[in-house]
Structures are given as structure tokens and as C-alpha cells.
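Report on the following structure.
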Amino acid sequence: MLLDYAQTAPIATFDIVEQLVTSMPASSAIDEIMSVRQIQDRINSCIINRESGNKSFTVTLFAFISELDLDGLTRTLMIKCGRCKMIIRGLKCENAGCLLVFESTHVEPDVTFDITVGLSDHTGTLPRCKLSGHTAELALGCLARDFSIKTDEEKCVLKWKYLLEQCKLRIAIIFAISQSPIISILHIEKCNPMEVARKLPVY
């Protein structure tokens, strides 16, 4: 039983964040609309008062996608062993305790998006935001496994679907392990200019 748990427990930061994201409220209607600067101020306040409990929160943000490297050198996919779920960094699973080592059957690896995104508005920039999992597949209109076999030209087309575009985003700011929070994009869509004009925070 312990071995089964160890093989499926979310020991990686990515898995912990995925579990926390699924526990977030589903509706964006209850989210506060914030600017980048307001989000940064709240993050700093949460870090200062970290000892008072979990400070994770969700907000709605109107921002430009200022960084989205789908066709360059930045990693965009996370590949895990289909059996033990450990991250594969080479051609095969290197986990000595993986049961796949003793099996003759082929098990397809798990492939998921893990994209780094920059979000910018008139007050600043949120770097190193994560666009991952099913959210990324919905945004880009393709599965992670299909993306892995696309040409650089095809990836470039997908990149310009959002790069430098103003979008409405629902994001989760998660204080999971380290002092610095993880900013995960829960939903992304291109903005309605009239909605932006009515709701964009000045500060």
C-alpha cells in the first residue's frame, strides 16, 4: 500500500499545484478584478503575513500576453512515465523502482503542457506564470501530445494566437512550497474592449 501511494502521491510541485487548482472555486464571478500592481502588492502582503495561514487566492486580470515562447528554447511540455509518473528527462524512465523496468509491455508516457507566460498591463508585469494541463490545451486548441509533433512553423502560428494580445484571464496565486508563490492561469480568452474599458483598474 505504501509503494502504491509513493508512486501516485503528488510529490512534484506541478502535481501539488494541480491539486490545489482543482480545489479553487469554479466561478470567476466571485473573483476580484485586479491590476498587476495590485496582485503584486497582495502577494507581498501575503508573504509578510505568511504565518497566519493559507493565503492562496484567485483574481481576474486584464493583461497583454507579453511572453509566450512556444517555438523557441523554453520548455513547453512535461513528460512523465506512464507507470510511475516520475518526470522523464531523457528517452526513458530512470526511476530504479519503476515497475515498468520489469514489464515487457509498452506504456505510453503522459504528456502535458507546462508553458511559462508573461502577463503585462499598464501597472507592470507578472513573469513566470504557468499555463498548463487542460487549460493550455483549451487555449491552444490542441492536445499536448499533438503539439509535440508540430513543426516550428505550426508552433509559431499557435504562439501568435495570443502573444501581444490583450486577454481576460482568471489566475490562481498559490503559496504551496517555496516562499515565492506560483501563478497559474485557470482560464484565458481574448478581451472584449468594451468590458476592458468598464472594468480595468486604474491602479
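Mind checking whether some residue in the range 119-142 is part of a loop (DSSP other than H, G, I, E, B), in contact (Cβ under 8 Å) with a residue 40 or more places away in the chain and over 14 Å from ASP69 (Cα atoms)? There is at least one residue in the range 119-142 that is part of a loop (DSSP other than H, G, I, E, B), in contact (Cβ under 8 Å) with a residue 40 or more places away in the chain and over 14 Å from ASP69 (Cα atoms).
Scan the range 104-111 and give yes if some residue there is buried (at least 17 other Cβ atoms within 10 Å of the Cβ), in contact (Cβ under 8 Å) with a residue 24 or more places away in the chain and within 30 Å of TYR203 (Cβ to Cβ), otherwise no. So far as the range 104-111 goes, no, none of its residues is buried (at least 17 other Cβ atoms within 10 Å of the Cβ), in contact (Cβ under 8 Å) with a residue 24 or more places away in the chain and within 30 Å of TYR203 (Cβ to Cβ). Taking the listed residues CYS156, CYS84, the one that is surrounded by 16 or more Cβ atoms within 10 Å (Cβ to Cβ) and either touching a residue at least 12 places away in the same chain (Cβ under 8 Å) or of a type in the set (Asp, Glu) (or both) is CYS84, with no other qualifying.
Do we find that LEU73 is surrounded by fewer than 16 Cβ atoms within 10 Å (Cβ to Cβ) and not small (Gly, Ala, Ser) in this structure? When the stated conditions are applied, LEU73 passes them. Note on the range 116-148: among residues that are farther than 25 Å from ILE39 by Cβ and surrounded by fewer than 15 Cβ atoms within 10 Å (Cβ to Cβ), the one that is modelled with the lowest pLDDT is SER148. Residues that are assigned to a helix (DSSP H, G or I), within 28 Å of LYS80 (Cα to Cα) and of a type outside the set (S, T, N, Q) do occur in the range 158-172, at least one of them.
The values are calculated or read from the model by the stated rules, or taken from the named source; none is laboratory data. Note that the structure is predicted; figures quoted are calculated from it, not measured. So basically every Cβ, Gly included, is an ideal-geometry build from the backbone, and we count neighbours across all protein chains shown.
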